[in-house]
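S.K.: Mind looking over this structure? Questions follow.
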Amino acid sequence: MTLPGDRPRLYNTPALMTASDQIAICEGELDTVTAAACGLDAVGVPGVEAWQPHFAPAFLGYERVYLLADNDDSGQGLKFAERIAGELPNARVVLMPHGHDVNSLVMQQGKRSLLERITD
């Protein structure tokens, strides 16, 4: 949580400094922590309305950007991921199973269930 009026910023930006050809973008800090604990380089956006156009250039050098979309709300997670995918030609939307976000999926079904979803 930040102070009222604070500008949105990415969470876990050190992941952008890792030498990797792929990165994940999550909606929310907890999902980001969970994805990172599963071995993914991941950054988080603090809410579905928090993506800013100036974030996009940080992701253009990756071969693949996985947009780990929540599926535990009224479609907001998918809309969030699709909007970002429209700005990133290297993005792939990875929708979690119905009723889940990254954290709940891993907590219920384990790390492998998340990693298998992003396998090309």
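The values are calculated or read from the model by the stated rules, or taken from the named source; none is laboratory data. Not measured: the values here are computed from a predicted model. Note that each Cβ is placed from the backbone with ideal geometry, even for glycine, and that neighbours are counted across all protein chains shown.
S.K.: Search segment 21-49 for residues that are touching a residue at least 24 places away in the same chain (Cβ under 8 Å) and pair each with any residue that is of a type in the set (Ser, Thr, Tyr) and surrounded by 22 or more Cβ atoms within 10 Å (Cβ to Cβ) when their beta-carbon atoms are under 6 Å apart and the residues are at least 6 apart or on different chains.
M.R.: Here the result reads Ala24/Tyr66; Cys26/Thr32; Ala42/Thr32; Gly44/Thr32, each pair linking segment 21-49 to a residue that is of a type in the set (Ser, Thr, Tyr) and surrounded by 22 or more Cβ atoms within 10 Å (Cβ to Cβ).
S.K.: So is Val102 over 17 Å from Ile23 (Cβ atoms), crowded, with 18+ Cβ neighbours inside 10 Å and in contact (Cβ under 8 Å) with a residue 60 or more places away in the chain or not?
M.R.: Values: over 17 Å from Ile23 (Cβ atoms): no; crowded, with 18+ Cβ neighbours inside 10 Å: yes; in contact (Cβ under 8 Å) with a residue 60 or more places away in the chain: yes.
Taking the combined requirement at face value, the residue does not satisfy it.
S.K.: Is it the case, given these coordinates, that Leu88 is surrounded by fewer than 20 Cβ atoms within 10 Å (Cβ to Cβ), touching a helix residue (DSSP H, G or I) at 6+ places or on another chain (Cβ under 8 Å), modelled with pLDDT of 95 or more and not basic (Lys, Arg)? So that I can check it myself, show each step before the final result.
M.R.: On the way: surrounded by fewer than 20 Cβ atoms within 10 Å (Cβ to Cβ): yes; touching a helix residue (DSSP H, G or I) at 6+ places or on another chain (Cβ under 8 Å): yes; modelled with pLDDT of 95 or more: yes; not basic (Lys, Arg): yes.
The answer is yes for Leu88.
S.K.: Which residues, taken from segment 4-38, are within 12 Å of the chain's Cα centre (by Cα), in a helix (DSSP H, G or I) and under 20 Å from Ser113 (Cβ atoms)?
M.R.: Residues satisfying the conditions are Leu30, Asp31, Thr32, Val33, Thr34, Ala35, Ala36.
S.K.: To continue, here is another question. Quickly run through segment 22-48 and pick out the residues that are surrounded by fewer than 20 Cβ atoms within 10 Å (Cβ to Cβ), on the phi < 0 side of the Ramachandran plot and in contact with a Pro (Cβ under 8 Å, 6 or more places away or on another chain). If you could, list the steps in order and put the result at the bottom.
M.R.: From segment 22-48, those surrounded by fewer than 20 Cβ atoms within 10 Å (Cβ to Cβ) are 22, 29-30, 33, 36-39, 46-48; that's our starting set.
Still in the list and also on the phi < 0 side of the Ramachandran plot: 22, 29-30, 33, 36-38, 46, 48.
Hits for segment 22-48 are Glu29, Pro46.
S.K.: Can you confirm whether segment 52-74 contains a residue that is surrounded by fewer than 13 Cβ atoms within 10 Å (Cβ to Cβ) and under 19 Å from Thr119 (Cβ atoms)? First the steps, then the outcome.
M.R.: From segment 52-74, those surrounded by fewer than 13 Cβ atoms within 10 Å (Cβ to Cβ) are 52-54, 57, 60-61, 63, 74; that's our starting set.
From what's left, under 19 Å from Thr119 (Cβ atoms): 63.
Among the residues of segment 52-74, at least one is surrounded by fewer than 13 Cβ atoms within 10 Å (Cβ to Cβ) and under 19 Å from Thr119 (Cβ atoms), which makes the answer yes.
S.K.: Report yes if Val93 is surrounded by 15 or more Cβ atoms within 10 Å (Cβ to Cβ), farther than 15 Å from Gly28 by Cα, in contact (Cβ under 8 Å) with a residue 40 or more places away in the chain and under 13 Å from the mean Cα position of the chain (by Cα), otherwise no.
M.R.: No.
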